[in-house]
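Trainee: Structure provided below as C-alpha cells; questions to follow.
The values are calculated or read from the model by the stated rules, or taken from the named source; none is laboratory data. Just so you know, these numbers come straight off a predicted model, no measurement behind them. Glycine also receives a Cβ, built like all others from the backbone with ideal geometry; neighbour counts cover every protein chain displayed. Just so you know, the surface numbers come from the protein's heavy atoms only, side chains and all, with ligands and any DNA or RNA stripped out. Shrake-Rupley method; radii C 1.70, N 1.55, O 1.52, S 1.80 Å.
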Amino acid sequence: FIGMIKNIILDFGDVLINLDKPATAKAMVQHGFTEVTPNLESLFQNYEKGLIASSDFLDEVSEHFPNASRDYLTKAWNSILLDFPEERLQFIEQLAAENKYKMLLLSNTNELHMDCVKEQMGTERFNRFKNAFDVFYLSYEMGMRKPDAEIFNFVLEENQLTPEETFFVDDVKENTDSAASLGIHTWNLQVGKEDITQLKSRL
C-alpha cells in the first residue's frame, strides 16, 4: 500500500532518540522513590501537556522529594535522554529530501527534556533534526498528549491529512492503537529489535 501513503508521523523518544526509560526512577530511589503514584502520574501528564511551567513542576516534585536539590531533580528527570544516532538523523534527512511524504513529528515531551535535547545535540544537529520535518509537534506546546484521540484528530485536521494516507510510528502500543482506531496506518516499533531506518520495508 506504499502508493497510498503520503504522510509520515514519527514519535521522537525511542524511535529517533534513544531513551533509558527507567533512569529517572533509578536516580530517585535514594530519595525514597518507590513507584509512580496517581498523584505523580497526573503531575507528569499535566507537565507533558504544558499545563504547568517547568519551575512549578520542579517545585511540586520537590515536595515529594524534599532532600533532593533542584539540580539533582533536573538531572534525574533528564537522565532518561540518551543519544540520537547519526544514521537515524541521516535517514530522516534523506526521507525529507525525497520529497515524497509530508513529514510530521509528534512527541509527548516537556520543556526540560527539549532544553536538554537541544543542549546534548547542539544547535546545528538539532536544526538538522527539526528541518527534516514539515511540522514539529511537541505535546507541551499543544496542550494535548498521546494516546488521546484529540491529539491525532488535531494533527489530521490541521494538516488536512487523510488517515488512510497517513503512517504513524511509535514505540508505545497504546499510542499506535489509538491512531489505528482513527484509520491511521501504524507501526508499533519494537525497541531494540527494529529500527526506524527500516521504515521503507514497513510501508
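Trainee: Please get the size of the charge dipole for the chain, origin at its Cα centre, with Cβ charges of +1 on Lys and Arg and -1 on Asp and Glu, quoted in debye to the nearest 20. Show your work: numbers first, answer last.
Mentor: Numbers: 19 positive and 34 negative charges, 99 e Å.
That gives a dipole near 480 debye.
Trainee: Straight-line reach only, C-alpha to C-alpha below 13 angstrom: list the aspartates and glutamates that Lys118 could link to, leaving out same-chain residues fewer than 8 apart.
Mentor: The reachable aspartates and glutamates, counting only those whose Cα sits under 13 Å from Lys118, are Asp83.
Trainee: Provide the per-residue ³J(HN,Hα) series for segment 167-180, in order, calculated from phi with Karplus coefficients 6.51, -1.76, 1.60 and θ = phi - 60°, each as a whole number of Hz, with x at glycine and proline positions.
Mentor: 10, 10, 10, 8, 8, 9, 4, 3, 6, 5, 4, 4, 5, 4
Trainee: Next question, about the same structure. With a 1.4 Å probe and all protein chains kept in place, how do Trp77, Trp187 rank by accessible area, largest first? Intermediate results must be reported in sequence, preceding the final value.
Mentor: Values: Trp77 35, Trp187 5 Å².
If we order Trp77, Trp187 from most to least accessible, we get Trp77, Trp187.
Trainee: Moving on to the next point. With contacts defined as alpha carbon pairs under 8 Å and 6 or more residues apart, what's the relative contact order of the chain in percent? Please list the in-between numbers first.
Mentor: Working: 283 pairs, mean separation 61.8, N = 203.
After rounding, I find 30 percent.
Trainee: To the nearest 10 square angstrom, what accessible area does Met4 show with a 1.4 Å probe?
Mentor: 90 Å²
Trainee: Here is a follow-up. Quick one: which residues, 5+ away or cross-chain, put their amide H under 5 Å from the amide H of Thr186? H built at 1.01 Å from N.
Mentor: Phe168
Trainee: Turning to a different aspect of this structure: More than 32 angstrom separation, counting every C-alpha pair in the chain; what % is that? Could the numbers behind the result be given before it?
Mentor: Working: 3609 of 20503 pairs.
Value for the chain (Cα pairs over 32 Å): 18 percent.
Trainee: Can you give the accessible area of His64 in Å² (nearest 10), computed on protein heavy atoms with a 1.4 Å probe?
Mentor: Per-residue accessible area (His64): approximately 80 Å².
Trainee: Can you list residues whose amide H is under 5 Å from Leu105's amide H, if they're 5+ apart or on another chain and H is modeled 1.01 Å from N?
Mentor: Leu10, Val135, Phe136, Tyr137
Trainee: I'd like the carbon and sulfur percentage of the solvent accessible area for segment 84-165, probe radius 1.4 Å, heavy atoms only, ligands and nucleic acids excluded.
Mentor: On the way: 1570 of 3930 Å².
Accessible surface attributable to carbon and sulfur in segment 84-165 totals 40 percent.
Trainee: Between Gly192, Ser54, Ala179, whose Cα lies farthest towards the positive end of the dipole of the chain when Lys and Arg beta carbons carry +1 and Asp and Glu beta carbons carry -1, centred on the Cα centre?
Mentor: Gly192
Trainee: Still on this structure: Tell me, what is the FRET efficiency for Thr34 and Gln160 to the nearest 0.05, using R0 = 41 angstrom and their Cβ-Cβ distance as r?
Mentor: After rounding, the FRET efficiency stands at 0.30.
Trainee: Mind listing the phi-derived Karplus ³J(HN,Hα) values for segment 92-107, rounded to whole Hz, using 6.51, -1.76 and 1.60 with θ = phi - 60°, and x for any glycine or proline?
Mentor: Result, rounded to whole Hz: 5, 5, 5, 4, 5, 5, 5, 6, 8, 10, 7, 10, 10, 9, 9, 10.
Trainee: Which three extents, in whole angstrom, do the alpha-carbon atoms of segment 17-130 cover along their principal axes, largest first?
Mentor: So the extents along the principal axes, rounded to whole Å, are 51, 24, 23.
Trainee: So with the 1.4 Å probe, I'd like the accessible area per residue for segment 143-203, rounded to whole Å². All intermediate terms of the calculation are to be shown ahead of the outcome.
Mentor: Working: 2890 Å² over 61 residues.
Ligands and nucleic acids excluded, the result is 47 Å² per residue.
Trainee: In whole Hz, with x marking every Gly and Pro, tabulate ³J(HN,Hα) for segment 50-55 from phi via Karplus 6.51 cos²θ - 1.76 cosθ + 1.60, θ = phi - 60°.
Mentor: x, 7, 10, 6, 4, 5
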